[in-house]
Amino acid sequence: MFGKRGNDSGKRVEAIRTPIPALVTAPTPAPSLAPTPAHAAAMIEPGSRPTINPQHVAATMREKGDGYYTTKAQVFSALIDTIDLSQLSRMEADAAREEIRDIVNDIIAIKNFAMSISEQEELLDDICNDVLGYGPLEPLLARDDIADIMVNGARKTYIEVDGKVQETGIRFRDNQQLLNICQRIVSQVGRRVDESSPICDARLPDGSRVNVIAPPLAIDGAVLTIRKFRRDKLTLDQLVRLGAISPHGAEVLQIIGRVRCNVIISGGTGSGKTTLLNCLTRYIDANERIITCEDSAELQLQQPHVVRLETRPPNLEGEGEVTMRDLVKNCLRMRPERIIVGEVRGPEVFDLLQAMNTGHDGSMGTIHSNSPRECLNRIEAMIAMGGFTLPPKTVREIIVGSVDIIIQAARLRDGSRRITHITEVVGMEGDVIITQDLLTYDIKGEDAQGRIVGEHISTGIGRPAFWDRARYYNEERRLAAALDAMEKRVQA
């Protein structure tokens, strides 16, 4: 792009930049450190994320002074005046990063900034991230130990690590830079965020969930929230090692996924519902046709025959919206064997229940609630939200005929995540839905470090309601062995 590399550095410099005198003019007011929309269109897609300097990842946790950002603004302005962004977009990410580093080094030398080697390296990485990626967010996205990134305006950025929220030294040049980065993220999935459409749900290329709320709704600047996905996807075995479920409880969950039980995963915000849903889908047979419906595509199923559907918000004229209910209803015409709804929030729950009890066994979904019993109440409430005028008893009969298992996930006060209940929906007595717990989590106390201490215990149910289904899939012996082992462990 910028010309061929060669031994004559002087010739290479001439090939890749505008004349040097243009770089030594009097400093202009600090610009927003994000490309304009025209620049952004010419830049490299962040999906092919270049390598991040590990030392710079640690340096981002430190607060930098105003002098650093003033210097960075001047160097960034000179860089944008120097390079050809249209040609930059045709380069590989790592090659473009190397070229930019070379140019920035020359700019620093020409302007004679007094910087240490470590400060210069930080500046190089920051500017490369501004041009090629998501700016100050890049070092945080490179860390696999971060669960959430919360940007509250240009000056405040928080992260969640090990269940605890902590402030970082990350800041943006101004609110316009932050908004530009938000626009770049959501444009990757064909959505927009601005004053006319200030709320947007989107995703990163790796599936991480993104929410943006922009001014004028956000008073102190755009608010960006990213629920990061791990690079190495969690499995049930890893959940066992983390203490989220006991080994025998994990065995029961494997069988539940294998024998096509209809499952609702219940839990609060950040309790790990989507992670658990991903874990359960690993035990679906490879020859099954699965259709997923989500507001923003997060599920990452490993089976070969998967159809992924995503809702669409209305356009500027208020038209063209495709709701979750539209997707679930359309699924029934797509010859699904399993329907998986990423998150059930409204009247689409009725269509999901209808699918569950009309030949689509093994369907799954997640619901926000704090207990299995409350989950059932929320299902009733969401059906009522859809305007259905069915008698309460009829609604409960539909629920009983559709839902087999409710798995409750919780985020405890020490930040750890646990599966607290595996509950069966058994039937009805009069107008009341009857449930029984197969497994519960018993909190014993806390250790010296303030971590919750507890254990998963069996409730002694030796023959669960889905026993016949397990026998149909030749899993009854494995189920019996897991239940017996849980009960013996409790008795011991």
For region 103-117, how many residues are of a type outside the set (A, V, I, L, M) and in contact (Cβ under 8 Å) with a residue 60 or more places away in the chain?
2
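Only one of these is assigned by the TED database to the domain that holds Glu294 and farther than 24 Å from Arg209 by Cα: Leu332, Leu309, Leu327. Name it. Lay out the reasoning, then the answer.
Values: Leu309 fails: farther than 24 Å from Arg209 by Cα; Leu327 fails: farther than 24 Å from Arg209 by Cα.
Exactly one of Leu332, Leu309, Leu327 is assigned by the TED database to the domain that holds Glu294 and farther than 24 Å from Arg209 by Cα, namely Leu332.
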Would you point out the residue of region 434-464, among those that are more than 34 Å from the chain's Cα centre (by Cα) and among the aliphatic types (A, V, I, L, M), that is farthest from Ile264 (Cα to Cα)?
Ile461
Write out, first by first residue and then by second, each pair whose Cβ atoms fall under 8 Å of each other, whose residues are 6+ apart or on separate chains, and whose first residue, in region 436-454, is touching a residue at least 60 places away in the same chain (Cβ under 8 Å) and assigned by the TED database to the domain that holds Leu479 while the second is of a type in the set (Gly, Ala, Ser) and surrounded by 13 or more Cβ atoms within 10 Å (Cβ to Cβ).
Leu438/Ser458; Leu439/Ser246; Leu439/Gly249; Leu439/Ser458
Take region 346-368 and flag every residue that is touching a helix residue (DSSP H, G or I) at 6+ places or on another chain (Cβ under 7 Å), buried (at least 16 other Cβ atoms within 10 Å of the Cβ) and not in a helix (DSSP H, G or I).
Pro347, Asn357, Ser363, Met364, Gly365, Thr366, Ile367
Single unsatisfied condition, Met428 versus (1) part of a strand (DSSP E or B); (2) more than 28 Å from Leu301 (Cα to Cα); (3) touching a strand residue (DSSP E or B) at 6+ places or on another chain (Cβ under 6 Å); (4) not β-branched (Val, Ile, Thr)
(3)
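Kindly check whether there is at least one residue in region 370-392 that is aliphatic (A, V, I, L, M), assigned to a strand (DSSP E or B), surrounded by fewer than 19 Cβ atoms within 10 Å (Cβ to Cβ) and out of contact with any helix residue (DSSP H, G or I) (no Cβ under 6 Å at 6 or more places or on another chain).
Going through region 370-392, the residues aliphatic (A, V, I, L, M) turn out to be 376, 379, 381-385, 390.
When the remaining residues are screened for being assigned to a strand (DSSP E or B), the result is none.
Checked against the condition, which is being aliphatic (A, V, I, L, M), assigned to a strand (DSSP E or B), surrounded by fewer than 19 Cβ atoms within 10 Å (Cβ to Cβ) and out of contact with any helix residue (DSSP H, G or I) (no Cβ under 6 Å at 6 or more places or on another chain), region 370-392 yields no hits at all.
Every residue, every condition in (1) of a type in the set (Ser, Thr, Tyr); (2) over 19 Å from Lys273 (Cβ atoms), yes or no:
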| position | (1), (2) |
| --- | --- |
| Leu178 | no, yes |
| Arg184 | no, yes |
| Gly190 | no, yes |
| Ser196 | yes, yes |
| Pro205 | no, yes |
| Val223 | no, yes |
| Lys233 | no, no |
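Take the conditions in contact (Cβ under 8 Å) with a residue 40 or more places away in the chain, surrounded by 14 or more Cβ atoms within 10 Å (Cβ to Cβ) and in contact with a Gly (Cβ under 6 Å, 6 or more places away or on another chain) and apply them to Asn175. Does it pass?
On the way: in contact (Cβ under 8 Å) with a residue 40 or more places away in the chain: yes; surrounded by 14 or more Cβ atoms within 10 Å (Cβ to Cβ): yes; in contact with a Gly (Cβ under 6 Å, 6 or more places away or on another chain): yes.
Yes, satisfied.
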If we keep just the residues of region 80-102 that are crowded, with 20+ Cβ neighbours inside 10 Å, among the hydrophobic types (A, V, I, L, M, F, W, C) and assigned to a helix (DSSP H, G or I), which is modelled with the lowest pLDDT?
Leu88
Only one of (1) within 25 Å of Met385 (Cβ to Cβ); (2) surrounded by fewer than 19 Cβ atoms within 10 Å (Cβ to Cβ) does not apply to Val307, and that is (1)
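Wholly within region 258-322, which strands (runs of 3 or more DSSP E) include no fewer than the required count, namely at least 1 residues that are free of Cβ contacts under 8 Å to residues at least 60 places away in the same chain and of a type in the set (Ser, Thr, Tyr)?
Numbers: elements: 263-267, 290-294, 306-310.
Of the strands (runs of 3 or more DSSP E) lying wholly inside region 258-322, those with at least 1 residues that are free of Cβ contacts under 8 Å to residues at least 60 places away in the same chain and of a type in the set (Ser, Thr, Tyr) span 290-294.
The values are calculated or read from the model by the stated rules, or taken from the named source; none is laboratory data. What you are looking at is a predicted structure, and each value in this text was computed from that prediction instead of being measured. Every residue, glycine as well, gets a Cβ built from its backbone with ideal geometry; the counts of neighbours run over all protein chains shown.
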